[in-house]
Amino acid sequence: MVKWFVYILECSNGRLYTGITTDPAARFKKHASGKGAMFTRLNRPERMLGVKRCKDRSDAGTREWAIKQLSPAQKRQLAENWPVYGGLPKKGARY
């Protein structure tokens, strides 16, 4: 069974990016290398604010859409309660 996650990244300019993936660590590396989404090519990610495991891809997509409707402050507050999984930049770390 494939595990799906929704995640929130903080970029070097303070902007936030929300996405979904099956491998949060690999996805962060892709964003950080400039090969992820266009948004993260223009706004280099520095750290993972949080990662939330979802039931399936549909659940992940629904959560992603709902999170994208939130203000940056609301996104930060939401991510405060999420764990950051192994292999990802920690909440306080800057890369």
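Selection of first residues in the stretch 20-44 that are of a type outside the set (G, A, S) and in a loop (DSSP other than H, G, I, E, B) and of second residues that are surrounded by 16 or more Cβ atoms within 10 Å (Cβ to Cβ) and at pLDDT below 90, restricted to Cβ pairs under 8 Å at least 6 apart or on distinct chains, gives the following pairs, ordered by first then second residue: R44/A32.
Residues that are aliphatic (A, V, I, L, M) and modelled with pLDDT of 95 or more within the stretch 9-60 comprise L16, I20, A60, listed in sequence order. For the stretch 7-38, the set of residues classified as β-branched (V, I, T) and surrounded by 15 or more Cβ atoms within 10 Å (Cβ to Cβ) consists of I8, T18, I20, T21, listed by residue number. Taking the conditions (1) buried (at least 16 other Cβ atoms within 10 Å of the Cβ); (2) out of contact with any Cys (no Cβ under 9 Å at 6 or more places or on another chain); (3) at pLDDT below 90 in turn, G86 satisfies each one other than (1). Contact map, the stretch 75-91: first residue within 11 Å of L9 (Cβ to Cβ), second residue at pLDDT 65 or above and part of a helix (DSSP H, G or I), Cβ cut-off under 8 Å, separation 6 or more or different chains; pairs are K75/I67; L88/P24; L88/A25; L88/F28; P89/F28.
Taken over the stretch 39-67, the criterion of being loosely packed, with under 12 Cβ neighbours inside 10 Å and hydroxyl-bearing (S, T, Y) is satisfied by S58 alone.
The values are calculated or read from the model by the stated rules, or taken from the named source; none is laboratory data. As the structure is a prediction and not an experimental result, all values here were calculated from the model. Here Cβ is always computed from backbone atoms with ideal geometry, including for glycine, and neighbour counts include all displayed protein chains.
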